[in-house]
Amino acid sequence: MIVLRDAIVNRLKGAYRGFMVSTMLSLAGLSVDVLVYALYGSIILFTDLVHWAVDTAVELFGFVALYYAVKVGRRFPWSIVVLESAVMLATIVVALGVYLVFFTSYITTAYQAGEVTTTSLVSIVATVLGGILTFLALATQRRNYLKYGLEVLRVDYTHALIDIVAAAIATVGIALVYYTGDASLELLFVVISSMFIIHSLSEILRDILKTITGENIDHELSAKLLKKLINEFRRVDIEDVTARKIGSFYIVEVRARVNPKERLESLHRLRARITRLILEESTLVYHVDVRFFPAWSRRKR
Ligand SMILES: [Zn+2]
């Protein structure tokens with residue numbers, strides 16, 4: 001048990017350090033975007049900036065969630081999951097709101113006047129640097145994933161891969177619009193760049209929906225654990241096992257039918273054995289809930 005616990009904490013700590021690095025890189029990229037946008041403008045750069053802001057919020061929350069997982073230990077901080085979902089939803093609304101205000105003002109002024117907002121090539125500094133920072137985050141998180149195998153790390157580096165494409169497109173867009181001064185071309189690149197904001201937002205929304213609706217059941221692991229328990233406990237009626245995925249981790253619920261006259265002491269021992277068997281199966285199981293029901297209540301139904 002102790003060994004298993006240590007293994008989990010080590011992996012969590014590794015992932016925590018990884019997220020600390022990628023959050024710093026994200027904040028650095030966002031700062032550069034804000035600074036260059038304030039000085040040189042460009043709606044393409046602004047679109048990239050909103051994308052960075054949303055992704056930085058995601059990184060920040062991954063970091064905070066792992067911080068709690070490392071510090072609080074095996075007791076899963078449900079209040080953090082709820083808080084995270086709520087703040088993430090707020091982030092989506094604010095990001096979309098702010099972006100729509102800026103986009104509308106761009107359409108009604110610059111675009112309608114046939115002018116471009118990308119009037120300096122310096123804006124490229126922000127997008128190129130952003131690409132480099134994203135590449136560093138990708139390399140860091142990929143290395144961490146290969147080392148610690150946590151799902152959150154894989155999700156993070158896969159997203160970074162897409163963000164490199166976003167940085168490249170924004171760079172090309174700024175250069176092309178600067179040289180051609182074509183307003184329609186600028187609008188085209190704004191629309192393409194805004195797709196990456198939509199991509200980030202849809203990822204956040206999908207995670208929140210899965211957590212809320214409980215669609216995060218891992219049927220394969222559930223079936224595997226059920227089979228293992230049934231084989232192990234011939235005389236206990238293991239009714240059902242549900243493994244739910246929360247981020248990188250699993251919360252497992254076991255339902256068992258026992259003789260209602262069974263001694264509490266032996267149920268305690270049974271619970272401990274079930275928990276140990278499940279923890280042996282996967283180091284990513286965070287919590288095991290064993291629920292006992294009296295055996296006769298099923299026969300009556
Ligand atoms: Zn992104």
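The values are calculated or read from the model by the stated rules, or taken from the named source; none is laboratory data. This structure is a prediction, so every number in the text was calculated from the model and none was measured. Neighbour counts are summed over all protein chains in view; Cβ atoms, including those assigned to glycine, are modelled from backbone coordinates with ideal geometry.
Values for this structure:
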{"quantity": "Which listed residue is assigned by TED's automatic domain parsing to the domain that holds SER266 and surrounded by 12 or more Cβ atoms within 10 Å (Cβ to Cβ), from GLU232, GLU203", "calculated": "GLU232"}
{"quantity": "Extreme residue, farthest from the ligand (Cβ to nearest atom), among residues of segment 164-216 that are within 29 Å of the chain's Cα centre (by Cα) and of a type in the set (Ser, Thr, Tyr)", "calculated": "THR213"}
{"quantity": "Residue that is nearest to PRO294 (Cα to Cα) [pool: residues in segment 257-271 that are surrounded by fewer than 15 Cβ atoms within 10 Å (Cβ to Cβ) and of a type in the set (Lys, Arg)]", "calculated": "LYS261"}
{"quantity": "Odd one out for THR158, checked against (1) in contact (Cβ under 8 Å) with a residue 12 or more places away in the chain; (2) within 16 Å of the ligand (Cβ to nearest atom); (3) under 25 Å from the mean Cα position of the chain (by Cα)", "calculated": "(1)"}
{"quantity": "Residue list for segment 37-53, filter: within 15 Å of the ligand (Cβ to nearest atom) and of a type in the set (Gly, Ala, Ser)", "calculated": "ALA53"}
{"quantity": "Segment 16-31, subset within 16 Å of the ligand (Cβ to nearest atom) and touching a residue at least 60 places away in the same chain (Cβ under 8 Å), residue farthest from ILE197 (Cα to Cα)", "calculated": "PHE19"}
{"quantity": "Test result for ARG263, over 30 Å from ILE43 (Cβ atoms) and either in the same structural domain as THR127 (by TED's automatic domain parsing) or not hydrophobic (A, V, I, L, M, F, W, C) (or both)", "calculated": "yes"}
{"quantity": "Number of the condition not met by TYR148 [criteria: (1) aromatic (Phe, Trp, Tyr); (2) out of contact with any Lys or Arg (no Cβ under 6 Å at 6 or more places or on another chain); (3) in contact (Cβ under 8 Å) with a residue 24 or more places away in the chain]", "calculated": "(2)"}
{"quantity": "Residue in segment 65-78 that is within 22 Å of the chain's Cα centre (by Cα), at pLDDT below 85, among the aliphatic types (A, V, I, L, M) and within 16 Å of the ligand (Cβ to nearest atom) present", "calculated": "no"}
{"quantity": "Residue in segment 288-298 that is within 16 Å of the ligand (Cβ to nearest atom) and under 24 Å from the mean Cα position of the chain (by Cα) present", "calculated": "no"}
